[in-house]
Amino acid sequence: MTTKKVAYCFAPDASSYQLSETHPMVPERVNMTHELVQNYRMFPRMTIIKPHPATEEQLKRVHLPGYIDYLKKVSPIATLGLGDLYPCLQADDCPMFTGVYDYSASIVGASIACANRINHGRSNVCINWAGGMHHAKRRVASGFCYANDIAAAILELLMCHRRVMYVDIDLHHGDGVEEYFYNTNRVMTLSFHRFGNNFFPGTGAIKNSGVGPGKDYAINVPLQKGIDDDQYIYLFKNILNKAMERFQPEALVMQMGADSVVGDLLGDFNLTNKGHASCLENALSYNLPTIVLGGGGYSVKNVARTWTLETATILGLELDNQLPTNSYFGHLPEDSTLYIPPVKMSNSNTNKSIRKVLRKVTEILDRTEI
Ligand code: ZL4
Ligand code: CA
Ligand code: ZN
């Protein structure tokens with residue numbers, strides 16, 4: 001593998017907030033990742049960037065002005081976990097909290113900074129682990145996401161790139177990003193997700209594949225609980241390969257939500273962090289300018305393990321399974337290692353159902369034209 005010029009965007013302010021005392025989304029997981037990446041001695045191998053928060057004007061490119069004005073107005077006075085009565089914010093999932101505007105602006109600012117590095121050719125790969133807020137919509141917060149940093153970064157990339165590929169391996173459907181680009185053929189969205197039985201957000205059926213000029217440019221891969229590394233990687237490689245062949249993108253955005261890894265508090269996949277990282281490795285092998293973003297992930301130590309491993313994957317490094325000394329992990333044996341093994345659990349995906357999904361998705365991609 002040729003070594004890539006890698007930039008690592010880190011906005012300390014994005015990870016210092018709490019959505020509520022008991023919310024499963026814990027921004028601190030990005031600090032945990034940061035410390036592991038540092039203690040594995042990866043910082044000297046990348047350009048470390050401290051991004052600026054997005055401006056109001058930048059936020060309003062992807063959101064309704066009134067929604068951004070509201071976030072800004074309520075932000076300083078909102079109490080932790082209270083004041084979630086506004087219809088733009090969906091109660092328990094997206095509570096109003098002190099600093100919600102600054103939190104959102106710093107995440108979006110970091111993803112835009114990644115896009116700018118790519119646009120100027122200063123980096124081949126740019127990382128923002130605080131990013132990946134794929135559910136946020138133009139006029140509403142959804143699923144723990146207040147501002148859509150991904151749409152903002154893609155818009156920025158579109159200024160310098162004819163076609164942008166978006167790949168989302170978060171456990172959940174990337175509905176927000178899909179919606180922004182549903183009717184354009186300049187962005188292909190490809191999401192792998194848990195689907196069915198009203199699993200959040202409920203969208204992402206194979207047949208919903210875009211409209212107008214965007215028809216056959218929104219690709220959805222619905223999966224069931226218990227999917228293992230072999231099945232997931234098989235689908236990922238085959239579908240991405242076909243999508244790349246048909247779409248010929250000039251830039252790539254990866255949403256690396258770690259709630260698709262085994263043991264997640266809100267998830268029930270059986271994907272190891274090595275399996276998750278091998279999807280990234282495969283995507284990077286296309287040698288496109290790439291933005292790598294975070295996303296979901298609710299068993300926080302596993303999130304830090306996964307994104308640390310993936311930072312190393314981007315750098316082409318092999319990491320020791322023994323975690324370096326750090327302030328978050330204790331000394332128990334199960335707390336001291338990097339790699340997350342699979343568990344014994346029922347798998348509702350059969351090899352037959354996996355082949356069927358591949359066949360149906362391939363039928364759509366066979367119609368995609370550039
Ligand atoms: C919680 O414990 O399925 C929120 C959310 C807050 C703290 C205390 C309040 C308890 C699980 C989830 C009541 C919680 C009720 N607290 C939440 C339809 C729902 C309405 C809200 O990874 N209730 C909504 C959103 C999903 C729904 C997933 C994934 C984001 C991403 C990218 C977003 N919403 C049912 C749930 C808790 C909570 C415990 C929760 N919410 C689990 N799944 C959801 O894709 C970042
Ligand atoms: Ca997904
Ligand atoms: Zn998720």
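Since every read-out is calculated from the coordinates, none of them should be taken as a lab result. This structure is a prediction, so every number in the text was calculated from the model and none was measured. A quick note on method: Cβ atoms are made from the backbone with ideal geometry, for glycine too, and the neighbour counts reach across all protein chains shown.
Full extension of the segment from Arg367 to Lys50, taken as 0.36 nm per residue of separation minus the current Cα-Cα distance, would add 109.9 nm. Taking amide hydrogens as placed 1.01 Å from N in the peptide plane, the amide H of Ile219 sits under 5 Å from those of Thr189, Leu190, Ser191, each at least 5 positions away in sequence or on another chain. When the Gaussian network model of the chain links Cα atoms closer than 10 Å, the mean-square fluctuations of Asn39, Asn302, Asn197 top out at Asn197. Each residue of the range 240-255 was assigned a 3J(HN,Hα) from its phi angle through the Karplus curve 6.51 cos²θ - 1.76 cosθ + 1.60 (θ = phi - 60°); the sequence is 5, 4, 5, 5, 5, 4, 6, 9, 6, x, 9, 8, 9, 10, 10, 9 Hz, with glycine and proline shown as x.
Run the numbers on the range 199-330 and let me know its relative contact order in percent, using alpha-carbon pairs under 8 Å that are six or more apart.
Numbers: 155 pairs, mean separation 28.5, N = 132.
Relative contact order comes out at 22 percent.
GNM remark for the chain: springs join alpha carbons under 10 Å apart, and the peak mean-square fluctuation among Tyr70, Tyr298, Tyr217 falls on Tyr70.
Kirkwood analysis of the Cα pair distances in the range 210-295 returns a hydrodynamic radius of 14.0 Å.
Taking 8 Å as the Cα distance limit and 6 or more residues as the minimum spacing, I'd like the relative contact order of the range 159-220 as a percentage. Present the calculation step by step, with values, prior to reporting the outcome.
Numbers: 122 pairs, mean separation 22.3, N = 62.
The normalised contact order for the range 159-220 reaches 36 percent.
With a cut-off of 8 Å between alpha carbons and a minimum separation of six or more residues, what is the relative contact order of the range 110-209 in percent? It would help to have the intermediate numbers written out before the result.
Values: 151 pairs, mean separation 22.3, N = 100.
That works out to 22 percent.
Based on DSSP H segments of at least four residues, each scored -39500 (n - 2.57), the chain has a per-residue ellipticity at 222 nm of -11000 deg cm²/dmol. Listed peptides 131-139, 14-22, 346-354 appear in the order 131-139, 14-22, 346-354 once ranked by packing, highest mean of other Cβ atoms within 10 Å at the front.
Rounded to the nearest 20 debye, the dipole size of the chain about its Cα centre is 1040 debye, using +1 on the Cβ of Lys and Arg and -1 on the Cβ of Asp and Glu. The packing ranking, built from the mean of other Cβ atoms within 10 Å per residue, places the peptides 330-340, 146-156 in the order 146-156, 330-340, highest first. Within the chain, DSSP assigns beta bridges of which about 10% are antiparallel (rounded to the nearest 5).
When the chain is treated as a GNM with alpha-carbon contacts under 10 Å, the residue of Pro27, Pro342, Pro76 showing the greatest mean-square fluctuation is Pro76. Summing charges over neighbours of Arg45, with a neighbour being any other residue whose Cβ is under 11 Å away from its Cβ, gives +3 when K and R count +1 and D and E count -1.
Legend: distances between Cα atoms for Lys225/Lys356; Lys5/Lys360; Lys207/Lys344; Lys4/Lys237; Lys60/Lys301; Lys50/Lys225; pairs beyond 27 Å are Lys5/Lys360; Lys207/Lys344; Lys60/Lys301; Lys50/Lys225.
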